Amino acid sequence: MEFSNWDIFWAGSEEKDYWKEPDPFVLELIASYPPEKFPRVLDLGCGMGRHALVFARHEYQVTAVDSSQIALAQVEERAKKMGVPVKNIPGDYRAPLFADESFDMVICYNVIYHGLREEMVRAINLCQKYLKPGGVLFLTCPTRDDGKYGDGEQIAPHTFLSENSTHPDAVHYFSDSNDIDCFCTGFEVLSKKKREYYWKQDDIVNFSSYWQLTAQKIET
């Protein structure tokens, strides 16, 4: 099996405990969109499954997608230990993987901004197709106030190849508020917030600024 950079990252990450803990803002989706009404959940770019597993534990029907076979193997192992079903599928979030209206909720946590803007648009359009009418999309992506904005080589407008990224795919697109609105064609925006905080890496303090978006596919 040929290993990707993401395989190497997940095999050797020194912060595995961090990547196992679900984000509290994602957990709020469980209270707002219960499994009785939104049963089918897609975790797109699931990593070690910190969100896929907690949704499975709350009796959602969960499909987890990642390009890393090692990450998916860890999801499978942890799901077995927890005694919860998760359907794991290897794949690239930029490629069509599912039939239209296959899911009630799609979660893209810190995933689809890895690459060019047009790739991000393609991924969001795919999510829109995967969702049934009334289905919910939750995504996060960096703003142009983020401390990494401008770091490294600019390869396209607002797109940088960083030498200091903590992730192996170091090409990041940074969105502004107008971008988010443009991305949401076919959706009703339910919530669009900035999350900003400081974090430390190798004794260096970094500033993080991310969009947190919840949108509902418009019923026609």
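The values are calculated or read from the model by the stated rules, or taken from the named source; none is laboratory data. Bear in mind that the values here come from a model prediction, so they are computed numbers and not experimental data. Here the Cβ is made from the backbone with ideal geometry for all residues, glycine too, and neighbour counts use every protein chain on show.
Would you pick out the residues in the stretch 178-208 that are within 17 Å of Asn125 (Cα to Cα) and β-branched (Val, Ile, Thr)? Spell out how you get there, then give the answer.
To start, the set of residues in the stretch 178-208 that are within 17 Å of Asn125 (Cα to Cα) comprises 178-189.
Within the stretch 178-208, Ile180, Thr185, Val189 meet the criteria.
Looking only at residues in the stretch 168-185 that are at pLDDT 95 or above and small (Gly, Ala, Ser), which one is farthest from Gly47 (Cα to Cα)?
Ser177
Given (1) within 24 Å of Pro34 (Cα to Cα); (2) modelled with pLDDT under 95, where does Gln128 come up short, assuming only one miss?
(2)
Go through Tyr210, Tyr198 for me and flag whichever is modelled with pLDDT under 95 and among the hydroxyl-bearing types (Ser, Thr, Tyr). Write out each step before concluding.
On the way: Tyr210 fails: modelled with pLDDT under 95.
Going through Tyr210, Tyr198 in turn, just one is modelled with pLDDT under 95 and among the hydroxyl-bearing types (Ser, Thr, Tyr): Tyr198.
If we keep just the residues of the stretch 73-86 that are out of contact with any Gly (no Cβ under 8 Å at 6 or more places or on another chain), touching a residue at least 24 places away in the same chain (Cβ under 8 Å) and not in a helix (DSSP H, G or I), which is surrounded by the most Cβ atoms within 10 Å (Cβ to Cβ)?
As a first pass, look at the stretch 73-86 and keep what is out of contact with any Gly (no Cβ under 8 Å at 6 or more places or on another chain): 73, 76-77, 80-85.
Among the residues that remain, those that are also touching a residue at least 24 places away in the same chain (Cβ under 8 Å) are: 82, 84-85.
Checking the rest, the ones that are also not in a helix (DSSP H, G or I) come to 84-85.
Numbers: Val84: 18, Pro85: 12.
Filtering first and then ranking leaves Val84.
Among the residues of the stretch 178-216, write down those that are in contact with a Lys or Arg (Cβ under 7 Å, 6 or more places away or on another chain) and among the hydroxyl-bearing types (Ser, Thr, Tyr).
Ser209, Tyr210
If you check Ile124, Ile112, Ile107, which single one turns out to be under 15 Å from the mean Cα position of the chain (by Cα), among the β-branched types (Val, Ile, Thr) and in a helix (DSSP H, G or I)? Reasoning before the result, please.
Values: Ile112 fails: in a helix (DSSP H, G or I); Ile107 fails: in a helix (DSSP H, G or I).
Result: Ile124 is the single residue among Ile124, Ile112, Ile107 that is under 15 Å from the mean Cα position of the chain (by Cα), among the β-branched types (Val, Ile, Thr) and in a helix (DSSP H, G or I).
Working carefully through the options Ile107, Ile89, Ile70, find the one that is within 18 Å of Trp211 (Cα to Cα), of a type in the set (Val, Ile, Thr) and touching a residue at least 12 places away in the same chain (Cβ under 8 Å). If you could, list the steps in order and put the result at the bottom.
Values: Ile89 fails: within 18 Å of Trp211 (Cα to Cα); Ile70 fails: within 18 Å of Trp211 (Cα to Cα).
That would be Ile107, the only listed residue that is within 18 Å of Trp211 (Cα to Cα), of a type in the set (Val, Ile, Thr) and touching a residue at least 12 places away in the same chain (Cβ under 8 Å).
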